[in-house]
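The values are calculated or read from the model by the stated rules, or taken from the named source; none is laboratory data. Just so you know, these numbers come straight off a predicted model, no measurement behind them. Backbone-built Cβ (ideal geometry, glycine too); neighbour counts: all protein chains shown. Ligands, DNA and RNA are stripped out before the accessible areas are found, and what is left, the full protein with its side chains, is counted by its heavy atoms. Shrake-Rupley method; radii C 1.70, N 1.55, O 1.52, S 1.80 Å.
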Amino acid sequence: MARPRAFDVTTLPGFTFIAIVSFLLLYAPIVTLVIYSFNAGDSVNLWGGFSLKWYHVAAGNEAVQGAAIRSFIIATWASVIATTVATMAALGTTRRGKYRGQSLIYIIINQPLMVPEIVTAVALLIFFSSVKIATGYTGLGYLILAHSAFCVPFAYLPIKARLEGMDINMETAAADLYATPWKAFRHVTLPLLAPGIIAGAMLAFIISLDDVIITEFVKSAGQDTLPTYMLGQLRRALTPEVNAISTVLLALSIVILALFSVVTRKRG
Amino acid sequence: MSIKVAVAARNVGKIYGAGAAAVNALGDVSIDIQQGEFFTLLGPSGCGKTTLLRCIAGFETPTSGTILLSGRDITHTPPSARPVNTVFQSYALFPHLTVADNVGFGLKMQGKSRSEVASTVARVLDLVKLEAFADRLPAQMSGGQQQRVALARALAPAPEVLLLDEPLSALDLKLRKEMQSELKRLQTETGITFVFVTHDQEEALTMSNRIAVMSAGELLQVGTPRDIYDRPVNRFVADFIGETNFLVGEVDGTAVRIASGERLDVPLNGQTGRVTLAIRPEQIKIGTVPGGLAATVTDATYLGTDTHYALALSDGSALVARVQSRTGDDFAVGDTVGVTVDASAVQVLKE
């Protein structure tokens with residue numbers, strides 16, 4: 001006897017067609033971009049034969065080199081700072097019972113996700129320019145601070161998810177077995193939390209690497225990152241050099257996202 | 001020889017929350033748990049037994065009163081500084097550590113040398129028959145094995161007192177029976193004071209040296225299993241431990257006149273007014289009339305060795321009797337029978 005089948009969206013008419021069109025719309029432009037990074041010609045949309053020329057050009061361009069180094073310095077510092085802050089915030093919001101003002105604290109932590117980025121950018125521009133005048137400091141510190149701030153919620157979410165799946169009795173059991181609070185954190189909480197922390201840090205790193213709006217507003221002269229350098233190129237004639245840089249960034253994010261999914265899947 | 005007190009609670013009270021939302025989890029509990037005893041805190045969920053256990057472990061601080069460990073006041077000592085270990089209901093094994101590292105955790109935190117940790121872990125794993133599993137992770141073991149690891153982990157640092165928070169509730173019946181005798185064996189072999197929390201009265205009766213029955217944050221009775229079963233102090237204890245018949249009556253001279261009008265001679269201990277008689281089903285004898293209280297059989301269930309009779313007295317009050325099955329000695333539904341009870345088997349409770 002045939003059992004009534006459960007509802008399955010994949011059996012609806014047109015499902016396959018819509019899925020294929022969606023994937024095409026999402027990925028065809030990216031595939032085109034990657035293909036044209038190997039163009040021997042000077043155009044981003046006229047094919048002139050296969051070549052690695054633009055990768056050499058990009059790698060040899062001092063402005064690109066400087067921007068890449070700056071991007072990595074900022075992303076590394078921002079992900080370290082944001083992950084540290086996010087770990088403390090996650091511990092404070094999950095390793096205890098419900099308390100008054102809990103939802104307000106969630107809103108404050110996740111604020112960078114809600115507030116339009118351009119508003120944060122303008123606010124930081126105004127705030128940092130007065131700090132610059134007062135202190136005279138014009139280094140990368142402002143960008144690192146700004147990136148750290150908007151990376152916190154991205155680092156916070158996987159760490160919080162990991163903590164919520166963790167038996168609340170873990171630290172209690174450690175304390176029962178003569179572990180001081182610091183030892184309990186060091187030997188029990190931290191190793192169990194590590195996959196969440198690594199995932200959070202990788203997410204924060206990618207988010208920082210990709211940022212344009214806040215960076216564009218906060219950076220001082222000569223502080224271009226890879227995304228703002230590429231934005232600047234738009235004002236001149238666009239060459240496949242931009243495609244080459246984009247392709248490298250894309251490959252990097254795919255590698256990091258793959259690592260992210262491996263780390264988050266291996267639970268317990 | 002004087003009996004040493006391992007754990008003492010003095011007027012311990014615990015209130016959660018404040019104001020109108022305050023919950024009184026523990027009233028005013030005083031209790032002496034002796035060294036080397038298997039002591040059980042028994043009661044329905046929400047009676048405060050786990051709260052009392054957590055106060056002894058140091059996971060909760062009592063709102064009032066003091067906790068003494070071998071005479072020392074430990075009320076405000078953090079759990080990490082108390083020579084007391086806990087077996088958690090959820091086991092709470094560290095999933096990232098092997099069985100050996102779980103068992104050695106307490107010793108390592110105490111700063112014991114590597115070789116001392118290794119030899120103690122080996123000895124304790126041997127004690128719980130898990131020597132072959134030292135390198136496994138908890139997730140690779142069955143529930144019963146994880147239970148043994150939790151026990152071994154709590155026993156390894158040789159605590160003065162071992163606290164067990166309903167540790168058997170997640171196991172199936174067969175495994176539970178096995179672990180009950182296993183726990184008794186471990187307690188006898190190690191000589192460590194066990195404080196065991198359960199809501200299962202049968203478990204409490206079979207395992208404990210003494211039982212404390214709790215309800216609604218209060219301590220109702222402390223005694224040996226036999227005391228508690230044969231001499232319950234009130235209706236709650238009589239009802240919670242085993243099956244009991246209750247008959248309401250009035251003291252009339254030296255006897256009690258029950259609702260059906262008959263007088264029963266029972267040990268009164270000076271009680272007057274309205275009382276409740278508690279009678280265990282196995283203490284009721286039934287025979288042919290005349291003789292004893294007249295009753296009608298309303299139901300008979302043959303269970304092999306025993307037969308359960310549901311009886312109705314002349315006023316309609318119900319009684320349950322558990323009688324050993326003997327050939328030619330059975331009654332049918334509708335029969336009129338005579339019910340007798342030894343006076344000494346009747347417990348007179350204040351109404």
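Extension gain, B:S181-B:V248: 0.36 nm per intervening residue step, less the Cα-Cα distance, totals 20.2 nm.
For A:W54, what is the net charge nearby, where nearby means another residue's Cβ is under 14 Å from its Cβ and Lys, Arg count +1, Asp, Glu -1?
Numbers: positive: A:K53; negative: A:D42, A:E241.
Value of the local net charge: -1.
I'd like the distance between the alpha-carbon centres of the stretch B:268-290 and the stretch B:187-242, rounded to an integer number of Å. First find each Cα centre; the distance between them is then 24 Å. Using the 1.4 Å probe convention, the accessible area of the stretch A:83-170 works out to 53 Å² per residue with neighbouring protein chains retained.
Looking at the square roots a ≥ b ≥ c of the eigenvalues of the Cα gyration tensor of the stretch A:124-268, which shape do they give, rounded for a/c under 1.5, prolate if a/b is larger than b/c, or oblate?
Values: a/c = 4.08, a/b = 1.74, b/c = 2.34.
Oblate.
Estimated from helices alone, the mean residue ellipticity of chain A at 222 nm is -23000 deg cm²/dmol (sum of -39500 (n - 2.57) over DSSP H runs with n ≥ 4, per residue). Overall shape of chain B was characterised from the C-alpha gyration tensor. The equivalent ellipsoid obtained from it has semi-axes of 46, 25, 16 Å, in decreasing order. For the stretch A:218-226, backbone phi angles converted through the Karplus equation (6.51, -1.76, 1.60; θ = phi - 60°) give residue-by-residue couplings of 8, 5, 8, 4, x, 10, 4, 9, 4 Hz, Gly and Pro being listed as x. Normalising by residue count, the stretch A:70-166 has a Cα convex hull of 113 Å³ per residue. Averaged over the residues of peptide B:85-93, the number of Cβ atoms from other protein chains lying within 10 Å of each residue's Cβ is 4. Ligands, DNA and RNA left out, the accessible area of the protein assembly as shown computed with a 1.4 Å probe is 61% carbon and sulfur.
Kirkwood Rh over alpha-carbon pairs of chain A, then Stokes-Einstein at 20 °C and 1.002 mPa s: what D in µm² s⁻¹, rounded to an integer? Mind dumping the intermediate values first?
Details: Rh = 21.8 Å.
Result for D is 98 µm²/s.
Each Cα pair under 8 Å and six or more residues apart adds its separation to the average, and for chain B the resulting relative contact order is 16 percent. B:Y16 versus A:T94, label points 7 Å from Cα toward the beta carbon: distance in nm? With each label point 7 Å from Cα toward Cβ, the separation is 2.2 nm.
The value of relative contact order for the stretch B:94-158, using C-alpha pairs under 8 Å at least six residues apart, is 50 percent.
Please return the longest range in chain B lying between exposed loop sites, taking trypsin sites (Lys or Arg not before Pro), DSSP loop only, at most 14 other beta-carbon atoms within 10 Å, and leaving the sites out. Write down the numbers at each step before the final one.
On the way: sites that count: B:K4, B:K129, B:R326.
Counting only loop sites that pass the neighbour cut-off, the longest clear stretch is B:130-325.
When the dipole is taken about the Cα centre of the stretch B:19-128, and only Lys, Arg (+1) and Asp, Glu (-1) are charged at their Cβ, what size is it in debye, to the nearest 20? Computed about the Cα centre, the dipole is about 300 debye.
Divide the volume of the convex hull around the Cα atoms of the protein assembly as shown by the residue count and you get 301 Å³ per residue. Averaged over the residues of A:163-170, the number of partner chain Cβ atoms lying within 10 Å of the residue Cβ comes to 3. Taking each residue as 0.36 nm, the span from B:A132 to B:E282 lengthens on full extension beyond its C-alpha to C-alpha distance by 49.3 nm.
222 nm [θ] for chain B, helices only, -39500 (n - 2.57) per DSSP H run of 4+, per residue, to 500? It would help to have the intermediate numbers written out before the result.
On the way: 8 runs with 84 residues, N = 351.
Computed ellipticity for chain B at 222 nm equals -7000 deg cm²/dmol.
Computing FRET efficiency as 1/(1 + (r/R0)^6) for A:L24 and B:E160, where r is the C-beta to C-beta distance and R0 is 56 Å, gives about 0.20. Averaged over the residues of peptide B:51-63, the number of Cβ atoms from other protein chains lying within 10 Å of each residue's Cβ is 1.
Each of B:S80, B:P95, B:A204 was scored by the projection of its Cα onto the charge dipole of chain B, and the greatest displacement toward the positive side belongs to B:S80; charges sit on the C-beta of Lys, Arg, Asp and Glu. Compute the distribution of all C-alpha to C-alpha distances in the stretch A:27-125, in bins of 5 Å from 0, and list the percent of pairs in each, rounded to whole numbers. Once binned at 5 Å, the Cα pair distances of the stretch A:27-125 give 2, 10, 10, 12, 13, 12, 11, 10, 8, 6, 4, 2, 1. Only one residue of B:G261, A:A58, B:L247 has its Cα farthest out toward the positive end of the dipole of the protein assembly as shown, where Lys and Arg carry +1 and Asp and Glu -1 on Cβ, and that residue is A:A58. Note on the stretch B:244-350: Rg/Rh from Cα positions, Kirkwood definition for Rh, rounded to two decimals, is 0.98. Extension gain for the segment B:R114 to B:H308, taken as residue separation times 0.36 nm less the Cα-Cα distance, is 63.8 nm to one decimal. Taking all C-alpha pairs of the stretch B:94-158, those more than 18 Å from each other amount to 23 percent. Dipole size of chain A about its Cα centre, with +1 on Lys/Arg Cβ and -1 on Asp/Glu Cβ: approximately 720 debye, rounded to the nearest 20. Taking a span of 27 Å or more along the helix axis (Cα atoms) and a mean Kyte-Doolittle hydropathy of at least 1.0 as the rule, no DSSP H helix of chain B qualifies. Would you please name the trypsin sites (Lys or Arg not before Pro) within the stretch A:15-105 that are DSSP coil residues with at most 10 other C-beta atoms within 10 Å of their C-beta? Qualifying residues, ordered by number: A:R96, A:K98, A:R100.
Think of each Lys and Arg Cβ as +1 and each Asp and Glu Cβ as -1; about the Cα centre, that makes the dipole of chain B roughly 1220 debye.
Buried area at the A:B interface is about 1800 square angstrom, summed over both chains, from accessible surfaces computed with a 1.4 angstrom probe.
DSSP beta bridges confined to the protein assembly as shown are antiparallel in about 75 percent of cases. Mind scanning A:K183/B:K112; A:K160/A:K183; A:K98/A:K160; B:K129/B:K184; B:K14/B:K184 and naming the pairs with a C-alpha gap bigger than 19 Å? Correct reply: A:K160/A:K183; B:K14/B:K184. Label-to-label distance, A:S103 versus B:S260, with points set 7 angstrom from Cα along the beta-carbon direction: 6.1 nm.
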